[in-house]
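The values are calculated or read from the model by the stated rules, or taken from the named source; none is laboratory data. This structure is a prediction, so every number in the text was calculated from the model and none was measured. Reconstructed Cβ throughout: ideal geometry from the backbone, glycine too, with neighbour counts over all protein chains shown.
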Amino acid sequence: MATSSGKVEKVSKFETLRLLEKCRKERDDALHRESVLREKLRQYESRMRSTETLKQKLKTLTTDNKELRKQVKALRTEIGLECSPKFSGKTTRDIISDLNEKEQECSSLVEKTGKLSLTVDDLTSELANTVTSKTLLEDQVQSLQQNLKDMTNNQRRLLKLWEDKKAQREQLALPAIPPKPGQKPFVHKAIQTEMSISSSQRLPVNAFETNPFSRDNDKKSVLDKHSFPTYGNGYHHDKKAFMHDETKGIQN
């Protein structure tokens, strides 16, 4: 009896320890689940508070949106968009999109305007240079015209001197006719003497030597020596035309 009671006591003690260990484990599991559930509850409560805040914001935004819709409708009616066929049936979003496109077009036009302004500045500079060049060319043309006029006057004077000298030489070559008693010797007033001619305009001594050529050939040789070059801008003088005009003027 004593042995069996001892075994029962040992078995009961072992069972008690095992049950105690099992209870401890269940307690720890329960505590862990409790902490997890508490954390989930805390997160849920936080979400609930956030949801309430969002609900309140949504309610406020809904109210504001209704007010804005009323204002937009009033503005559309005020500026005439509701009556305009161009904006008829378009929402505010469509109108804003159209305005953004117009803004981009305006930016592109502003950029093109800047480029055109640079081009205009370049053309203005080129025009100023062209005007300056034109002024210089006009001055050169006037200078050439003045030079041509001076050379023409010198040519006429030399030709007249040559004609006067030749007429004087021909007159001296004629036999002398004694003047009548009491008559003054005839002197041609148009004949220039050597005293009235400067040294730079005097002809050489052998310029009027007699030769078998005619008077026209003499004129042609003198004009060949003093012929005019061809100037720019269309100023060209013909020797024959000049000789014809001068001969005609002398005969007159």
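Before moving on, here are some points about what is shown:
- A single member of Arg38, Arg33, Arg76, Arg49 is assigned to a helix (DSSP H, G or I), modelled with pLDDT under 85 and surrounded by 10 or more Cβ atoms within 10 Å (Cβ to Cβ), and it is Arg76.
- The one condition in (1) part of a helix (DSSP H, G or I); (2) surrounded by 10 or more Cβ atoms within 10 Å (Cβ to Cβ); (3) out of contact with any helix residue (DSSP H, G or I) (no Cβ under 6 Å at 6 or more places or on another chain) that Arg93 fails to fulfil: (2)
- Some residue of segment 149-172 being loosely packed, with under 10 Cβ neighbours inside 10 Å, aliphatic (A, V, I, L, M) and over 30 Å from Val72 (Cβ atoms): yes
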